[in-house]
Amino acid sequence: MPRVVLVGSDLQVRTVLFGMLAEHGMSVVAVDDAADAIARVNAMDSPPDIVLVDRRIVREGDRELIDWMRSRSRFRSMPIVLFTAHGREAGGAPPIDDLREAFDAALVLAIVQAVCEPH
């Protein structure tokens, strides 16, 4: 079962994504800020398969999560996907994928499934 960490400040978007990912057999941990995400990821026995981060968190200067993950060898290669429900750019964050268009739940699901499928 793929493990997903979902970080987003918009409760409605988090709820939609959480439900959709869980419905497709994924174990989802949803949090609303970087500090909570760091605490939850750090407490996991093994890294999640993917982290989804709302671009608004990054745009508001809270790159702490991405910087923290990239600075630790355990999490350095973990896929991070930035998404948005508000159509703005991420401001230089180094994602593996960056959804530049307005929020599209089906596209988020497709990316997560592609990243998490066994190779």
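The values are calculated or read from the model by the stated rules, or taken from the named source; none is laboratory data. Fair warning: this is a prediction, and the values are worked out from it, not measured in the lab. Positions of Cβ are generated from backbone atoms using ideal geometry, with glycine treated the same way; all protein chains shown enter the neighbour counts.
Points worth noting:
- Of all the listed residues (Ala90, Ala85), the sole one being buried (at least 22 other Cβ atoms within 10 Å of the Cβ), of a type outside the set (Ser, Thr, Tyr) and at pLDDT below 90 is Ala90.
- Screening Ser71 against (1) under 11 Å from the mean Cα position of the chain (by Cα); (2) more than 17 Å from Met1 (Cβ to Cβ) leaves a single unmet condition, (1).
- The lone criterion from (1) modelled with pLDDT of 90 or more; (2) over 19 Å from Cys116 (Cα atoms); (3) surrounded by fewer than 13 Cβ atoms within 10 Å (Cβ to Cβ) left unmet by Ile38 is number (3).
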